[in-house]
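Taking it in order: structure first as structure tokens, then the write-up.
The values are calculated or read from the model by the stated rules, or taken from the named source; none is laboratory data. A quick note: this is a predicted structure, and the numbers were derived from the prediction, not measured. Neighbour counts run over all protein chains shown; Cβ positions are idealised from the backbone, glycine included. Only protein heavy atoms, including side chains, enter the accessible area calculation; ligands, DNA and RNA are left aside. Shrake-Rupley method; radii C 1.70, N 1.55, O 1.52, S 1.80 Å.
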Amino acid sequence: MIARAGFVIALLPMIMAASLAQAAEPACSSYTPAIIGGPVPGKSSDIAVFRWLGNANYEVGYQGHVFLFDTYFDRTARNHPIGFSVPQIKRADAILVSHAHFDHISDVAPIAAQAHAPVVGAAIIIATAENRCAGVADHHRQGWRRAALRRCHPRYRAGAA
């Protein structure tokens with residue numbers, strides 16, 4: 001019992017230092033997602049901000065970048081609103097899609113086009129995204145395929161293609 005109390009007391013300065021660092025980082029206290037204009041930790045910051053955006057959607061802000069995981073924002077009427085809509089999403093450095101179910105990929109085409117972000121995922125994800133991308137410029141679709149192949153396909157290695 002005494003050893004456990006000593007351990008907690010020893011950790012107290014580290015916990016307080018982490019709390020002060022978070023308080024100094026505006027992205028930690030903002031309710032506005034970075035994908036619609038909220039703050040992102042600076043390039044020299046060691047803080048990563050993970051934000052749940054409903055369903056399976058997450059954004060990660062780290063060192064001046066925003067990574068979006070899955071894209072299902074314009075949802076059915078039976079779901080609660082999340083506070084923003086797809087046309088408001090303007091920023092993502094990359095969109096990572098876990099799998100090609102509708103509740104993970106349905107808004108990938110307009111978001112990738114608006115944010116000029118590559119889409120990263122398995123080949124089936126890229127094929128599904130291409131089938132959903134009516135009205136999205138062809139050069140965006142080609143960028144998706146190259147990004148997916150470079151990162152996911154076993155025939156492509158670092159520095160190739």
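Among (1) at pLDDT 80 or above; (2) open to solvent by less than 60 Å² (accessible area, probe 1.4 Å); (3) over 18 Å from ILE36 (Cβ atoms), which single condition is ALA113 missing?
ALA113 satisfies every listed condition except (3).
Let me confirm something: among ARG132, ARG157, ARG150, which residue is under 22 Å from GLY54 (Cα atoms), surrounded by fewer than 19 Cβ atoms within 10 Å (Cβ to Cβ) and at pLDDT below 85?
Working: ARG157 fails: under 22 Å from GLY54 (Cα atoms); ARG150 fails: under 22 Å from GLY54 (Cα atoms).
The unique qualifying residue is ARG132.
Among the residues of region 79-92, count how many are outside any loop (DSSP other than H, G, I, E, B), in contact with a helix residue (DSSP H, G or I) (Cβ under 6 Å, 6 or more places away or on another chain) and open to solvent by 60 Å² or more (accessible area, probe 1.4 Å). Even if it seems obvious, please write down each step before you answer.
Quick first cut of region 79-92, residues outside any loop (DSSP other than H, G, I, E, B) only: 86-88.
After this cut, where a residue has to be in contact with a helix residue (DSSP H, G or I) (Cβ under 6 Å, 6 or more places away or on another chain) as well, the list is 86, 88.
After this cut, where a residue has to be open to solvent by 60 Å² or more (accessible area, probe 1.4 Å) as well, the list is 88.
Qualifying residue count for the region: 1.
Could you list, in sequence order, all residues of region 23-60 that are part of a loop (DSSP other than H, G, I, E, B) and basic (Lys, Arg)? Can you show your working first?
We begin by selecting, within region 23-60, every residue part of a loop (DSSP other than H, G, I, E, B); these are 25, 30-33, 37-47, 53-57.
Of everything in region 23-60, just one residue is part of a loop (DSSP other than H, G, I, E, B) and basic (Lys, Arg), namely LYS43.
Looking at region 93-108, which of the residues that are open to solvent by less than 20 Å² (accessible area, probe 1.4 Å) and touching a Ser or Thr at 6+ places or on another chain (Cβ under 8 Å) is nearest to THR128 (Cα to Cα)? Give the steps one after another, and end with the answer.
Kept after step one, since they are open to solvent by less than 20 Å² (accessible area, probe 1.4 Å), are these residues of region 93-108: 94-95, 97, 105, 107-108.
So of that shortlist, the ones also touching a Ser or Thr at 6+ places or on another chain (Cβ under 8 Å) come out as 95, 97, 105, 107-108.
On the way: ILE95: 14, VAL97: 11, ILE105: 8, ASP107: 12, VAL108: 10 Å.
That would be ILE105.
Name the single residue that is surrounded by the most Cβ atoms within 10 Å (Cβ to Cβ) among those in region 61-78 being touching a residue at least 12 places away in the same chain (Cβ under 8 Å) and outside any strand (DSSP E or B). Working first, answer last.
Here is the first cut: in region 61-78, the ones touching a residue at least 12 places away in the same chain (Cβ under 8 Å) are 61-75.
Subset that is outside any strand (DSSP E or B): 63-64, 70-75.
Values: GLN63: 13, GLY64: 12, ASP70: 23, THR71: 29, TYR72: 21, PHE73: 23, ASP74: 13, ARG75: 16.
Filtering first and then ranking leaves THR71.
Take PRO39 and tell me if it is surrounded by fewer than 18 Cβ atoms within 10 Å (Cβ to Cβ) and modelled with pLDDT of 90 or more. Working first, answer last.
Values: surrounded by fewer than 18 Cβ atoms within 10 Å (Cβ to Cβ): yes; modelled with pLDDT of 90 or more: yes.
Answer is yes for this residue.
Considering only region 11-26, I want to know if a residue exists there that is open to solvent by 50 Å² or more (accessible area, probe 1.4 Å), more than 25 Å from THR128 (Cβ to Cβ) and either at pLDDT 90 or above or under 19 Å from the mean Cα position of the chain (by Cα) (or both).
Yes, region 11-26 contains a residue that is open to solvent by 50 Å² or more (accessible area, probe 1.4 Å), more than 25 Å from THR128 (Cβ to Cβ) and either at pLDDT 90 or above or under 19 Å from the mean Cα position of the chain (by Cα) (or both).
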